[in-house]
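Asks: Before anything else, here's the structure in question.
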Amino acid sequence: MLSDNNPCGSKLLLALPDDTFAVVTQSLMPKDVFNLSVCCRSLYALASSDKVWLTQCELLGVIPHRDLIEWRKGVNSYKSLCRFLFNVQPIIGIWVHQNPELGNVVYVMPGFISVVGCRIIPQELGPLGFEEGPILWSPVFEIIGDVDGSSAFLLHGRERENNYMYPGSIKGVDRNCNVLLLEVEPRQQINGGKLVHSKSFVGSPLEKEFSRKICPSDRGVSKSLRIHGQKSSVPFSRLAFGDRRKLIEIVTSQIRVKVPQLADGLSFPSSETEDLSKLGERRSQVLQMYKHDSDPDDWKADHGSSTDRDPTQSDLGEIREFLDKTTGSSRSQLHRDVYRMHCSKKKSLVGYFRDSFKHIIGKSSSINGSHEHSKSSSSSENNKHAQFQEFLRSGDTIGLTLHASTARLSSYRAWPNMHDSRFALYKLPNQEPTAGQEHAGLWGGTFGWPPGKPSADKPGKALFFLLLSYEESQGQRHLIGTKILEGTHYVLHPNGSAMFIVNTDEPSAEPFPWDCDGDSNVVHLKEVFSGEGIANGYGFRYPGSKPGSLFVFEDGMLVFMWKESRAVLTLQRVNLQHLLRKGERVPPLPPIANFSYLTKSYSNVYAGFSNGSNHASSPRGFFEEGAWEDRVEETSRVVATSNSVSGIRIGRG
């Protein structure tokens, strides 16, 4: 930093009024404004003004101006508020997972000086329709901003009929993150018990938030260890799946805090005119619980009465002792199972033919080869165990972390290919509507005509959410409707399937069979495109397609109709934040499954939380039976029997 006696070319900037200087800084990023403030003492005062940082908050576009005014009341300055908004901005959006196949949609939206991850429950469209009917959702996690702009991470879950919060820290947020990872991280204690980390950015200078650059060799290394010049020898992601699950289960069981009645309320306003005082009280109580300032009775009962203990951390020594008692017997059993598996393989008829075939193609699986494979498997298992032990020895305490990282993910028709053994959520790229791509974005709909409100004889229709995106292929522009949520009893098609693909460069002359909607209003057709809709294919996992047309109406409604069956899927654009604000909250799942449900399931695992008017049902009530093919899908925990339609016909009711 230069002294005021040494000119630094800042006189022109210093001569500008605050309002004008704020306009000038509109072309700068937050880190640029911070770098400008450290040039000299005079610029520090100018660049730290609330007007400048209010402008930066507005440029981030996380919340509207009126909310910025309200959020400012709960933090030290607009600079602190910008620090929080800058950190959480990349996390806002739609996150998904492949399981359950009915849909696992988590929408991260602004709360009150916070962002909230809300899971949309597979459900029916209620009798009030999209405009007035409540949508069912459950909380997944929150990231709450403290007065200095630091962040507190809390996972939600439900155990033994009680709602709990599981406090943790934020490991890092990449600006272009596409994967949210739930992990645990060991930490060391120095200087009389002080943890070697900065809990959820608490105490980190602002320049470390806006301007930190990470060496490529440090990718995958925790932020807390990078700050103090240490590197973790074994990242959490390198551990075996069973070890990762075991550690998260143990840590969540030790850090959980029963949610007080006040803190168990909504974490975002239900309307734009709502009094925010109750939300402010809830935030204060949650932050006290997070910092362990209030020393709640539930915490005392589970963890003793000491107020020196960090509520986000568990004692790693106790965990090592517990695992030492269980790991030895588990490993011995595993060795016996591996040996038994190889012995049975060599004796089986299938193994004989497999070995014979490999011998023919030059890949003989001899006794020595089997022995080498057994040794390799044993060596790999021993290596995983050694990594696990090294991970446990790398700290004194261990805590829950949320890591928003960037991964190289392939995708097929806008749906990412996901790892099936990571506790993760995957972000969907959301195209904004632009000229030539007017229909991009999130749409909701149901099968049947008329659209919207269910009829008297059919009180509910399964709700579908589709993400519409555009792709270029062989010089043609295609509109793809990717299914991300299906409100049925049992899934009809895989999660992430393309419900339809339309060539927007190929108009169609297909007439629309109805003139009016359910309210007897005349519908005005704007344009029609040719395409293909989903149909039966080679089993459940590989659906086929049949010809159809997409009808675009003047009021913005979309309807895709299958040409042969005359089945129709009606869609309208939805605003998830608006729907959730007037929605109905239901209890979450247990903590790990609530974040990432890894068990393969074809049924509605959330059906037990639905109420009578919004219970999940199947759209097959709209279909007249054609040819049905029974299919039984068996998984480790779920045996789901479903029917796939090879020929369907839809009624007009």
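The values are calculated or read from the model by the stated rules, or taken from the named source; none is laboratory data. Keep in mind it's a predicted model, so treat the numbers as computed, not measured. Glycine gets a Cβ as well: all are built from the backbone with ideal geometry, and neighbour counts include every protein chain shown. Note: areas computed on protein heavy atoms with side chains; ligands, DNA, RNA excluded. Shrake-Rupley method; radii C 1.70, N 1.55, O 1.52, S 1.80 Å.
Here's the yes/no breakdown for (1) under 29 Å from the mean Cα position of the chain (by Cα); (2) open to solvent by less than 60 Å² (accessible area, probe 1.4 Å):
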| position | (1), (2) |
| --- | --- |
| M29 | yes, no |
| F34 | no, yes |
| Y44 | no, no |
| W53 | no, yes |
| I63 | yes, yes |
| W71 | yes, yes |
| G74 | yes, yes |
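Asks: So, in region 207-260, how many residues would count as being part of a helix (DSSP H, G or I), modelled with pLDDT under 50 and within 20 Å of P90 (Cβ to Cβ)?
Replies: Initially, region 207-260 is screened for residues part of a helix (DSSP H, G or I), giving 207-210, 216-218, 223-227, 236-238, 241-255.
Then drop every residue that is not modelled with pLDDT under 50, which leaves 216-218, 223-227.
Subset that is within 20 Å of P90 (Cβ to Cβ): 216, 218, 223-224, 226.
Adding up the residues that qualify gives 5.
Asks: Still on this structure, I have one more. Pairs under 7 Å by beta carbon, first residue at pLDDT below 50 in region 305-333, partner charged (D, E, K, R), six or more apart or different chains?
Replies: T307/D295
Asks: For E486, only one of the following conditions fails: (1) open to solvent by 30 Å² or more (accessible area, probe 1.4 Å); (2) of a type in the set (D, E); (3) touching a residue at least 24 places away in the same chain (Cβ under 8 Å). What is its number?
Replies: E486 satisfies every listed condition except (1).
Asks: Can you report the number of residues in region 389-404 which are surrounded by fewer than 19 Cβ atoms within 10 Å (Cβ to Cβ) and modelled with pLDDT of 90 or more?
Replies: Adding up the residues that qualify gives 0.
Asks: So how many residues does region 116-146 have that are outside any strand (DSSP E or B) and either at pLDDT 95 or above or surrounded by 23 or more Cβ atoms within 10 Å (Cβ to Cβ) (or both)?
Replies: 5
Asks: Tell me which of these L525 doesn't satisfy, since it passes every other one: (1) touching a residue at least 24 places away in the same chain (Cβ under 8 Å); (2) out of contact with any Phe, Trp or Tyr (no Cβ under 6 Å at 6 or more places or on another chain); (3) surrounded by fewer than 20 Cβ atoms within 10 Å (Cβ to Cβ).
Replies: Unmet for L525, out of (1) touching a residue at least 24 places away in the same chain (Cβ under 8 Å); (2) out of contact with any Phe, Trp or Tyr (no Cβ under 6 Å at 6 or more places or on another chain); (3) surrounded by fewer than 20 Cβ atoms within 10 Å (Cβ to Cβ): (2).
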